[in-house]
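The values are calculated or read from the model by the stated rules, or taken from the named source; none is laboratory data. Owing to the predicted nature of the structure, the values given are computational and were not obtained by experimental measurement. All Cβ positions, glycine included, derive from the backbone under ideal geometry; neighbour counts span all protein chains shown.
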Amino acid sequence: MVQMNGQEPQPLDAHLQAIADAHRIDATHLDSRAASLQGKLRGLISRPSAARLIVAKMSLRAGLTNYLVEHSRHVSGMDLSDAMAVAQQEAANGRRVSVGYWSQPSDRAAAIAAEYAKAIDAIAQALPGASISIKADQLEFDRALLFPVFRRAAERKVPVHFDSQHYDTATRAMAMLEAARDLGAEVSASLSSRWRRSVQDAERLMALKVGIRIVKGQGGDPTDPKIDPRQSFAALVAQCAGRASHAGVATHDPRVAGPALDVLKAAGTPCALEQLVSLPRLDALAARRGIPVQVYVAYGRFGLPYALSELTRRPAIAGWILRDLIRRLLGSRSS
Ligand SMILES: Cc1cc2nc3c(=O)[nH]c(=O)nc-3n(C[C@H](O)[C@H](O)[C@H](O)COP(=O)(O)OP(=O)(O)OC[C@H]3O[C@@H](n4cnc5c(N)ncnc54)[C@H](O)[C@@H]3O)c2cc1C
């Protein structure tokens, strides 16, 4: 029964009640939403049909949410121990590894620094040759927090990789990298091909004989938002070929990765294909060329907000989500 304002309760439509029962939805709630939809459609459809449409929309939204929860997080789990287990497995399979803590919005800079310290210790103990990937701006470029991290990494011989973060803070990140190097840490850095400044940054890193990880990058260049990340990726690769001490090709885009590895290999530049642990991997593409794979094992932050922001910026992700949902539907029908 539905209680109308100041009126007698109205009996629920039996069909609508059945739909609500089948989907374990509160029937009164469903009825009121169906009534609203029916009103918007000027009574063109019956109340149960409106209820079916609402249920379909709810199912699709639940499916999308589940997909994003499962797939959008490039993180391997919530804890360092989860990341270490994944990283050790990758290392056992012959891949190089970089472990990175992706902080949560509520994390204070000091807590992030403490997590970096823990990760350095764990890597030194159980993952020889692996590096730590850090985001210096999340420690607010605070020397009191960052320098102990760099010293610890230097002492434990764990290389420190600087992820590419925000365009506005890139100059400070480069300065921090040089400070870490001066403190004795082995360092390397990501360069975003979406940024025009990366051409100069690459020159600086090559002069320092610091390894470069080339990424398409997530944030655009405010001074030149129309840069084509594929073309500029290829241009950065060409700039590094024959000159960089090491170049990481960090992309899951086969049209970019294959040619980039070919150019670097032909120039005799030490290189690797670098992959995020949870995106569809291109390991075979590197194996065919006899080039090593390095895997970025991220842990910590739940990545849903990242994926949602990506979704609005990159409509292609909606296509990947849809493709996965269809595969699942087909899979669940055939099973
Ligand atoms: C090792 C590594 C380190 C990185 N470090 C940084 C960094 O420091 N700073 C930074 O800004 N960015 C970084 N990135 C992210 C990178 O810049 C891109 O945002 C990301 O890799 C997607 O771009 P792409 O080059 O792989 O090609 P895309 O064309 O975007 O993707 C290639 C394929 O990957 C799959 N894919 C990509 N994204 C998704 C998704 N969200 N959900 C499902 N499938 C997806 C699809 O199959 C797609 O066809 C890093 C990436 C890698 C691999």
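For the structure I just gave you, tell me whether R196 is assigned to a strand (DSSP E or B) and of a type outside the set (G, A, S). Let's see the steps before the verdict.
Values: assigned to a strand (DSSP E or B): no; of a type outside the set (G, A, S): yes.
So R196 does not fit the description; no.
What number of residues in the stretch 89-110 are surrounded by fewer than 17 Cβ atoms within 10 Å (Cβ to Cβ), at pLDDT 95 or above and within 25 Å of E155 (Cβ to Cβ)?
Matching residues across the stretch 89-110 total 1.
Which residue pairs have Cβ atoms under 9 Å apart, sit 6 or more places apart or on different chains, and have a first residue in the stretch 239-261 that is farther than 14 Å from A272 by Cα and a second that is more than 16 Å from the ligand (Cβ to nearest atom) and in a loop (DSSP other than H, G, I, E, B)?
Hits for this filter: G242/A267; G242/G268; G242/T269; R243/A267; R243/T269.
Could you tell me which numbered condition R301 fails, if it satisfies all but one of (1) at pLDDT 95 or above; (2) out of contact with any Leu (no Cβ under 6 Å at 6 or more places or on another chain)?
(1)
Restricting attention to the stretch 265-284, and to residues there that are surrounded by 15 or more Cβ atoms within 10 Å (Cβ to Cβ) and of a type in the set (A, V, I, L, M, F, W, C), which single residue is nearest to the ligand (Cβ to nearest atom)?
L276
Restricting attention to the stretch 267-295, which residues are closer than 20 Å to E115 by Cβ and modelled with pLDDT of 95 or more?
Start the filter on the stretch 267-295 by keeping residues that are closer than 20 Å to E115 by Cβ, which leaves 276-278, 295.
Listed by number, the list holds a single entry, V295.
Tell me yes or no: at least one residue of the stretch 196-216 is in contact with a strand residue (DSSP E or B) (Cβ under 9 Å, 6 or more places away or on another chain) and acidic (D, E).
Yes.
I'd like the full set of residues that are in contact (Cβ under 8 Å) with a residue 24 or more places away in the chain and more than 19 Å from A250 (Cβ to Cβ), limited to the stretch 82-104.
Answer for the stretch 82-104, where residues must be in contact (Cβ under 8 Å) with a residue 24 or more places away in the chain and more than 19 Å from A250 (Cβ to Cβ): D82, M84, Q88, S103, Q104.
(1) within 19 Å of V295 (Cα to Cα); (2) surrounded by 22 or more Cβ atoms within 10 Å (Cβ to Cβ); (3) among the hydrophobic types (A, V, I, L, M, F, W, C): which one isn't true of A124, the others all being true?
(2)
Mind listing whichever residues of the stretch 230-256 are over 24 Å from V97 (Cα atoms) and charged (D, E, K, R)?
Across the stretch 230-256, the qualifying residue is only R230.
Starting from residues that are within 12 Å of the ligand (Cβ to nearest atom) and assigned to a strand (DSSP E or B), keep the ones in the stretch 201-232 and report whichever is farthest from the chain's Cα centre (by Cα).
Residue satisfying both the conditions and the ranking: I212.
Quick grid of which residues meet (1) buried (at least 18 other Cβ atoms within 10 Å of the Cβ); (2) within 16 Å of the ligand (Cβ to nearest atom); (3) of a type in the set (S, T, N, Q); (4) under 17 Å from A110 (Cα atoms):
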| residue | (1), (2), (3), (4) |
| --- | --- |
| A136 | yes, yes, no, yes |
| R143 | no, no, no, yes |
| L146 | yes, no, no, yes |
| V149 | yes, no, no, yes |
| A153 | yes, no, no, yes |
| K157 | no, no, no, no |
| F162 | yes, yes, no, no |
| Q165 | yes, yes, yes, no |
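I want to confirm something. Restricting to the stretch 124-134 and keeping residues that are farther than 23 Å from I214 by Cβ and in contact (Cβ under 8 Å) with a residue 24 or more places away in the chain, which single residue is nearest to the ligand (Cβ to nearest atom)?
Step one: filter the stretch 124-134 for residues farther than 23 Å from I214 by Cβ, giving 124-128.
Now restrict to residues that are in contact (Cβ under 8 Å) with a residue 24 or more places away in the chain: 124, 126-127.
Values: A124: 21, A126: 21, L127: 16 Å.
Filtering the stretch 124-134 for residues that are farther than 23 Å from I214 by Cβ and in contact (Cβ under 8 Å) with a residue 24 or more places away in the chain, the one nearest to the ligand (Cβ to nearest atom) comes out as L127.
Can you confirm whether I123 is in contact with a Ser or Thr (Cβ under 9 Å, 6 or more places away or on another chain) and assigned by TED's automatic domain parsing to the domain that holds T169?
Working: in contact with a Ser or Thr (Cβ under 9 Å, 6 or more places away or on another chain): yes; assigned by TED's automatic domain parsing to the domain that holds T169: yes.
Considered against the rule, which asks whether it is in contact with a Ser or Thr (Cβ under 9 Å, 6 or more places away or on another chain) and assigned by TED's automatic domain parsing to the domain that holds T169, I123 comes out as yes.
Give Q239, Q294 a once-over and let me know the one that is away from the ligand (no atom under 14 Å from the Cβ) and within 15 Å of A189 (Cβ to Cβ).
Details: Q294 fails: away from the ligand (no atom under 14 Å from the Cβ).
Among Q239, Q294, only Q239 is away from the ligand (no atom under 14 Å from the Cβ) and within 15 Å of A189 (Cβ to Cβ).
Quick check on the stretch 247-264: of everything there that is of a type in the set (V, I, T) and more than 8 Å from the ligand (Cβ to nearest atom), which residue is nearest to I212 (Cα to Cα)? Spell out how you get there, then give the answer.
Going residue by residue through the stretch 247-264, those that are of a type in the set (V, I, T) are 249, 251, 256, 263.
Within this subset, residues satisfying the condition of being more than 8 Å from the ligand (Cβ to nearest atom) are 249, 263.
Numbers: V249: 9, V263: 15 Å.
The selected residue is V249.
If you scan the stretch 85-100, which residues turn out to be under 18 Å from the mean Cα position of the chain (by Cα), within 12 Å of P128 (Cα to Cα) and assigned to a helix (DSSP H, G or I)?
Answer for the stretch 85-100, where residues must be under 18 Å from the mean Cα position of the chain (by Cα), within 12 Å of P128 (Cα to Cα) and assigned to a helix (DSSP H, G or I): just A87.
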